[in-house]
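Where a number appears in this text, it was derived from the coordinates with a stated rule and is not lab data. Predicted model, so just to flag it, every value in this text is computed and none were measured. No Cβ is skipped: glycine too gets one built from the backbone with ideal geometry, and neighbour counts run over all protein chains shown.
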Amino acid sequence: MSPESFQQVGEIPTAVLAMLANRLLRDPLSPTPGPRLDHLADSEAAALALLQRTLGISDQDLRAKPEAQIRLLGEISRLLSQLAPDKRQEAASRLGYRGLLRPTDYAVEFVPDWQRFEDLFQERRASIEDVVSTTNFYRHLVPDKRGVPDYPAVTLLGKRISSKRTDPFVMLVVAERLASVLRVHSAWRIPIDFVPPTPDPLNLLERFVDQFGAFIRIPNRPSKQFLYYDEVVLDGSVAAETFPLAVEHTDAPTVGTAVFRVSQNGILEVAMAFAINVNPYKKFLRSLK
């Protein structure tokens, strides 16, 4: 297929648009993050050439300038939004799981036991939904095992909060990515002195867990405070339904966040897991007021 095969952007297939979006997004797990535009399939090259001509974006600008990449991603998003409702939902589900949608393009829901978290820390659903829709920075974390269907996936979203009532902090939301839905598992107020000028949500969360987290008992392995895209083989000493609440020093209350599934062979496929010590964290919350 030659670059002249598509005469109008409306002729570009949905699957090709999705693949281009995947190549354009910077992958934070890659050793060389940036748009991946080498070795394109013929259909991808044809679509990219047409989109660049339509938007007036040169090859040099596309590779070097983030604003050019954002313009192109915006045009792809616009084209996908014009699909028929059933096709649009199918595309949104596929792109959403891969982390190729903006936060505002996801529906937001909460885990069934969110009320317990809300009662404990006074974090209201409406406030968390606002963080998702107006986030200052976010990161779609991509599983290493991308070829495994429905492998658990996580998105982290942060927003700087300043008000006359409290000291400034960053609210960091931990959400499971389910197709085009972000299911909120927890949301944490991060001390402002943890936050660099250009924060990375994963680094912020790791530092927060290092400060407030408990150690999780893992069968046949040393305990850890933070699990991230890992696999845990259960041996009966820890049950899937209690993970990650199987923590050391269980005399202190903890609240766990765990995004995982149990595979057919009984392995916990963990996107993210940690447990926060309630008392030190509540002490920090009181210090904000």
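Compute the Cα gyration tensor for region 109-173, then decide on rounded, prolate or oblate, letting a ≥ b ≥ c be the square roots of its eigenvalues: rounded whenever a/c is under 1.5, prolate when a/b is larger than b/c in the other cases, and oblate in all that remain. Here region 109-173 falls in the oblate category.
Using the rule -39500 (n - 2.57) for each DSSP H run of four or more residues, divided by the residues of the chain, the 222 nm mean residue ellipticity is -10500 deg cm²/dmol. What you get for the chain, charging only the Cβ of Lys and Arg (+1) and of Asp and Glu (-1), is a dipole of about 840 debye around the Cα centre.
Pairs of Cα atoms nearer than 8 Å and 6+ residues apart set the relative contact order; for the chain it is 13 percent.
Put in line by how crowded their Cβ is, counting other Cβ atoms within 10 Å and starting with the fewest, L51, L79 read L79, L51.
The modelled label-to-label distance between D200 and E129, using points 7 Å beyond Cα along the C-beta direction, is 3.3 nm. Extension gain for the segment R116 to K164, taken as residue separation times 0.36 nm less the Cα-Cα distance, is 14.5 nm to one decimal. Ranking P199, S162, A179 by how far each Cα lies toward the positive end of the dipole of region 141-199 (charges on Cβ) leaves S162 at the top. Under 12 Å from a label point 7 Å along Cα→Cβ of D251: give me every residue in region 264-289 with its amide N that close. Taking a point 7 Å out along Cα→Cβ of D251, no residue of region 264-289 has its backbone N under 12 Å. In this Cβ point-charge picture (+1 for Lys and Arg, -1 for Asp and Glu), region 9-82 has a dipole of about 200 debye about its Cα centre. Hey, with R₀ at 41 Å, roughly what FRET efficiency would E67 and D193 work out to, going by the Cβ-Cβ distance, to 0.05? With a Förster radius of 41 Å, E is 0.85. Near L55: Cβ cut-off under 13 Å, other residues only, Lys/Arg at +1 and Asp/Glu at -1. The net charge is 0.
Taken about its Cα centre, region 61-216 carries a charge dipole of about 420 debye when Lys and Arg each add +1 at the Cβ and Asp and Glu each add -1 at the Cβ.
When the label point is put 7 Å from the Cα of A107 along its Cα-to-beta-carbon vector, which residues of region 171-192 have a backbone N closer than 12 Å? Those under the cut-off are 178-183. In this structure, the amide hydrogen of F260, modeled 1.01 Å from its nitrogen in the peptide plane, lies closer than 5 angstrom to those of A271, counting only residues at least 5 positions away or on a different chain. Approximating the spin labels as points 7 Å out from Cα along Cα→Cβ, the R261-to-R221 distance works out to 1.9 nm. Between the alpha-carbon centres of region 117-183 and region 198-231 there is a gap of 17 Å.
From the coordinates of this entry, Cα extents along the principal axes in Å is computed, and it appears in [x] 68, 52, 36; [y] 85, 29, 27; [z] 62, 42, 40 under the label [x].
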